[in-house]
Every structure is written in C-alpha cells, then in structure tokens.
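So the structure is just underneath, and the comments pick up after that.
The values are calculated or read from the model by the stated rules, or taken from the named source; none is laboratory data. These figures come from a predicted structure and were not determined experimentally. Note that we place each Cβ from the backbone using ideal geometry, even for glycine, and neighbour counts take in every protein chain shown.
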Ligand SMILES: *Cc1c(COP(=O)(O)O)cnc(C)c1O
C-alpha cells in the first residue's frame, strides 16, 4: 500500500461512536475509577486523546518512535534545547530561522550553552567545528530565505562518530518530501504553523524522536514545562495533515514553473530554488528529497530595498505577509521584515541582498500566479526606466 493511503487510514475511526472524524476532547481532566486507575489519561497537560492521535500521526509521518505536539514551533525548538546542560555546545546552520537564533543566543547562551554557527552546506565545516563539548548539531534544510541545502546523511555520520544528537528543522521540506530520521538524524522539529497545518489558521509545533529514550526525555520536558498543543488546534492539524501530500505535490509543481518564469525575466537578477539545475546544492537536494518545496526566492537587477518594496506592494494574488506554507500565496521582503534585526553587512554576506524577495507558492493555478508576477515585474521595469530618465534629465 502507498504511504499516503496508509497515512490517511492510520487516523482511527472513533471506537465509541464510529465518528469518521477524530473527536475533539475539550477537557482538562479525566475521572478516575480509583486513585491512579484510569483509562490512560489523568490530566490534559500530560495527555489528551485528540493530541495523542496527532502525536502518533506525526511519529508515523516522520518514521520515528515518539511524536509530540507543541503550542508553537519555537516551543518545540525550546524543548530540544532543554536536552542540554551548562557547558554543552550546539553547532547550528548559519542562516538559521531568526526565532531560533534569538532563542539560542539570547536565552540559552546566558545559561552557559555555547552556540557555534557554521555554513553546514559543506559538511567539512561541521566536522571542523566539533569539540568535546558539542552535544547537538542543528540543521535546517532548505534554509530561509536563500534555500541552502545541507547533506543530512553526511552530517548524521559526523554526529554519530562524535556522540552528538542531530536535529533537523524539517519545516520547509515536510515529511512529504524529506524524512531526516531515515537519513540518520535523531530528532525532527517542525513549525506546524506552516505546511503541516497548511491553512494559515493556527500556531503549532512538533517534535519527532527516532529513539524511544530521547523521545521519552522530550515528553518529560514537555510535561514539566507545559507548552502543549490544545485539542482544537490538534484537530485542525490532523485535518491539515490529511491533505499534506496532495498539497505538497501541487506546491512543488507550481513553484518550479514560477522559478523558471522568474529565471527568464529581464528584471530578475538571481533565482533561488533547489529544483533549478543552477542551484549550487541541486544534486544533494535531488538525492535526499522527493521534491523541492513551495518556497522560491529571487532578487531584482535593481538591487534596492525601495525596488523590492515597490514590487512587494504591487502584486495582487501574492499577499504581503510573514509566514508560509498556506493555501494563499504570500510574498515577503526579508531585509525589512524577517531579517531586519540582522546588521545590513552581515545580512548581505549571508546572501540576503536588499532586493531579495521570498515567495510562498500557494495552491492557486500557476498561470495566474505567473501573470501576477509578470504584471508586477513589468511595472518594476517601467519604474526603473522612469527613474533612469529622471536621472539623465
Ligand atoms: C516559522 C518557523 C519556526 C517557528 O515556528 P512558530 O510556529 O512560528 O513558533 C521555526 N523554524 C522555521 C524554519 C520556521 O519557518
């Protein structure tokens, strides 16, 4: 049986009533028959049947032993960081998600955990950064917004040889395209807010651990610290996951068409999409994932924040907003939005030029999205030539 069919039918029918949709157990506590005698649940922070259904679905999706659903992606990242103790070191991908950067540098560093950022698209950099104190290697692949790819299998071998855990933030690829645990990673985290939820209607996070021992420790941390996902949001995520494979197939197909269109447009400078043969990590992306995802970034020949801002406000179907992974296409301008807190020189050195724009390709038809971009790009060319005329005059 195909994985998608298996996944859809692994969501159980309610044994009590036959309800085909998972019931939402909106409750804080569970009545016990005698002290300590219960039906598997005692208090809803420790466990809730709706959340439990989602958690076992998450574990199946990623091919791990233990799945956990959190109140946000950052809460999930925070729980993984709590596996460490003072004196331990993390090696992390250098263009890590901004919120994870803030958490590691401004919260965990003050507790005595050291963070070392390296360009993980070359595994040798990871190898060279390992010290006896390194306990955790942190990858995102593809990264945001330049879609850099790291070789999960190669870095997993390095982690294993040095007794470190490898954690992959799989938000951008999703398990529909890439399964880090099957490539040797120990832990996967998600901002479920994005593709797993899939409808831009909730904030949630997830962890899946390959081994039971690590998973049990993370479950202990989740219960001890309390950042659980509520039953209604758990239900919404289950509903999102039911169409994950279908959505991703479409996101990928449309994204590739959009990327090819952008590559050929005279107003566009660089296009970043792992599915293009011109992408520097295209071969690794092809090896470790079934598709190249729904995010496309590009920069303009007129490499100014003003030009990018004018472009981002002249699209109609692409809505100007942070976040990604939903039904509606979104556009964002990292230099003034998600990456604004990074000093300009550092930001540019990381490949985030002033005019870089990031698209989250939704589920609209490709031809309509391309028409929308065409109109905005033509406008931007016109704008550039008017500015040039004025300068000449
Ligand atoms: C959005 C995002 C996060 C943070 O998740 P929240 O659900 O917003 O807390 C973490 N990692 C990546 C790659 C993200 O895109």
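In this structure, is residue 208 outside any loop (DSSP other than H, G, I, E, B), in the same structural domain as residue 226 (by TED's automatic domain parsing) and closer than 19 Å to residue 76 by Cβ? Spelling it out, residue 208 is indeed outside any loop (DSSP other than H, G, I, E, B), in the same structural domain as residue 226 (by TED's automatic domain parsing) and closer than 19 Å to residue 76 by Cβ. Has the range 80-99 got at least one residue that is within 16 Å of the ligand (Cβ to nearest atom), in a helix (DSSP H, G or I), modelled with pLDDT of 95 or more and not assigned by TED's automatic domain parsing to the domain that holds residue 353? Yes: the range 80-99 contains one or more residues that are within 16 Å of the ligand (Cβ to nearest atom), in a helix (DSSP H, G or I), modelled with pLDDT of 95 or more and not assigned by TED's automatic domain parsing to the domain that holds residue 353. Against the criterion of being buried (at least 22 other Cβ atoms within 10 Å of the Cβ), farther than 18 Å from residue 257 by Cβ and in contact (Cβ under 8 Å) with a residue 12 or more places away in the chain, residue 308 qualifies. Does the range 353-368 contain at least one residue that is in a helix (DSSP H, G or I), under 22 Å from residue 252 (Cβ atoms), over 19 Å from the mean Cα position of the chain (by Cα) and touching a residue at least 24 places away in the same chain (Cβ under 8 Å)? Looking for residues that are in a helix (DSSP H, G or I), under 22 Å from residue 252 (Cβ atoms), over 19 Å from the mean Cα position of the chain (by Cα) and touching a residue at least 24 places away in the same chain (Cβ under 8 Å), one finds at least one in the range 353-368, hence yes. Quick check on the range 178-198: of everything there that is in a loop (DSSP other than H, G, I, E, B) and within 14 Å of the ligand (Cβ to nearest atom), which residue is nearest to residue 284 (Cα to Cα)? If we take residues in the range 178-198 being in a loop (DSSP other than H, G, I, E, B) and within 14 Å of the ligand (Cβ to nearest atom), then 178 is nearest to residue 284 (Cα to Cα).
Per the listing 346, 319, 328, the residue uniquely touching a residue at least 24 places away in the same chain (Cβ under 8 Å) and surrounded by fewer than 17 Cβ atoms within 10 Å (Cβ to Cβ) is 328.
Of the helices (runs of 4 or more DSSP H) that lie entirely inside the range 233-333, those containing 2 or more residues that are touching a strand residue (DSSP E or B) at 6+ places or on another chain (Cβ under 7 Å) and assigned by TED's automatic domain parsing to the domain that holds residue 357 span 244-263, 305-312.
Filtering 144, 170 for residues that are out of contact with any strand residue (DSSP E or B) (no Cβ under 7 Å at 6 or more places or on another chain), within 26 Å of residue 328 (Cα to Cα) and within 12 Å of the ligand (Cβ to nearest atom) leaves a single hit, 144. Restricting attention to the range 149-165, and to residues there that are within 16 Å of the ligand (Cβ to nearest atom) and in contact with a strand residue (DSSP E or B) (Cβ under 8 Å, 6 or more places away or on another chain), which single residue is farthest from residue 335 (Cα to Cα)? Top of the filtered list is 152.
If you go through the range 108-133 and pick out every residue that is in contact with a helix residue (DSSP H, G or I) (Cβ under 8 Å, 6 or more places away or on another chain) and closer than 21 Å to residue 218 by Cβ, you end up with 3. Checking each residue in the range 103-157 for being in a strand (DSSP E or B) and either free of Cβ contacts under 8 Å to residues at least 40 places away in the same chain or farther than 18 Å from residue 279 by Cβ (or both) picks out 114, 115, 116, 117, 118, 134, 135, 136, 137, 138. The condition (being under 21 Å from residue 220 (Cβ atoms) and within 16 Å of the ligand (Cβ to nearest atom)) is satisfied by just one residue among 71, 56: 71.
Once the range 201-226 is narrowed to residues that are under 19 Å from the mean Cα position of the chain (by Cα) and within 16 Å of the ligand (Cβ to nearest atom), the residue that is surrounded by the fewest Cβ atoms within 10 Å (Cβ to Cβ) is 201.
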